[in-house]
1. Find how much the distance from Q309 to E59 grows on full extension, using 0.36 nm per residue of separation minus their present alpha carbon separation; answer in nm with one decimal.
2. Name the residues whose placed amide hydrogens come within less than 5 Å of the amide hydrogen of T244, ignoring near sequence neighbours (fewer than 5 apart) on the same chain.
3. How would R323, R55 line up by accessible area, probe 1.4 Å, largest first?
4. How much of the DSSP bridge set in the chain is antiparallel, in percent, rounded to the nearest 5?
5. Can you compute the radius of gyration and Dmax for the chain, using only the Cα atoms, both in Å?
6. Mind listing the long-range amide H neighbours of V160? Cut-off is under 5 Å, sequence gap 5 or more, other chains count too, H placed in the peptide plane at 1.01 Å from N.
7. To the nearest 20 debye, what is the magnitude of the charge dipole of segment 63-165 about its Cα centre, counting +1 on the Cβ of each Lys and Arg and -1 on the Cβ of each Asp and Glu?
8. Report ³J(HN,Hα) in whole Hz for each residue of segment 127-133, in order, from the Karplus equation J = 6.51 cos²θ - 1.76 cosθ + 1.60 where θ = phi - 60°; Gly and Pro get x.
Amino acid sequence: MSTVKLPRFTRRAALIAAALAVLTPFAAQADNWPSKPIKLVVPYPPGGAADAVGRIVAEKLSERLQQSVIVENKPGAGTAIAADYVAKSPADGYTLAIAPTGQLTILPHVQKSGRLEPLTAFTPISQVAYTAVAIAAAPNFPATTLKEAVALAKAKPGDVTFSSSGSTTIIHLAGEYFAGEAGVKLLHVPFKGSAPAVTALLGGEVNLAFDTLTVLAPQIKAGKVKGLAIAAKERSPLLPEVPTVAELGYPGFEVPSWFGLVGPAGLPKEIVKRLNGEITAILAQPAVRERLAGQALQASPGTPEQFAQRIRDDYAKYGKVVRQAGITLE
């Protein structure tokens, strides 16, 4: 049987047609998006900064997209449960996530299995907001200043405890980072989220807590816990009487905690562009900025490329801290 040889231009046209046939469903899907409710995954239980950001974003995206955006809290395993869930979800724009600093820049360094590289497992959409990390002491802890806390930790290495919202979070790293800078050994006590970590601090079950201003500022202002320091360039207007860690003899010690919007790897560019535009518009609203400020958060929108670069930079920076402190996923 003879084989008919198609002209070169005909073969090329056939290949293009085949490629278009494969791409058409995805293009149509992006054009019709969103046509059903969107799930917004938060890797912590209700009560912390990530949850606050997630609920503001969900509410405002619902209004602008004219489609339900439902917050789904998936805490546990140092945010690894939520990360794995999102990474394995279809890249169709119906599963998104509020990703905190630790999930994208610390967790990958400590995972023993199922390692998820941030820029290959996820699609960066936009940074959303950030806050500073603060240090507070329990009401029954003898220290009332950071200097006194360090002295007690030096006197009894490993006896002074600090809580965090989970292993490998930016809060955990902040505690280990400070211990290294101060030359002390602190005992880390991880919890599944900020709410139980602060409850333990209020009850005196732990001596210290490292957490965001969103979580600790109200407790410090109410006099329920003792504010020792803030890991930021400047003092917070929420707590003007609380000094920065740098002021207390540790120059350059800063631990910003940021939150960004991501989707699974391979999210269509049209959906990424649409979402980025919506987030930028939402964060420009004075009412939204005021709500964030009330949670000690500052709006920080940007392009997907800028967010990706922030992830790269912090991934490298915190990787060094992880190795020096010997942080592992507990």
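1. Gain in length upon complete extension: 87.3 nm.
2. The answer is I230.
3. Output order, biggest surface exposure first: R323, R55.
4. In the chain, DSSP labels about 60 percent of beta bridges as antiparallel.
5. Calculated on Cα positions, Rg and Dmax stand at 22.8, 94 Å.
6. For V160, whose amide H was placed from the backbone, the distant partners under 5 Å are L187.
7. In debye, rounded to 20, segment 63-165 gives about 300.
8. 6, 10, 7, 8, 8, 9, 8
The values are calculated or read from the model by the stated rules, or taken from the named source; none is laboratory data. None of these values were measured; they are calculated from a predicted model. All Cβ positions, even for glycine, are placed from backbone atoms using ideal geometry, and neighbour counts span all protein chains on display. When the accessible area is computed, the model is the full protein with side chains, heavy atoms only, and any ligands, DNA or RNA have been set aside. Shrake-Rupley method; radii C 1.70, N 1.55, O 1.52, S 1.80 Å.
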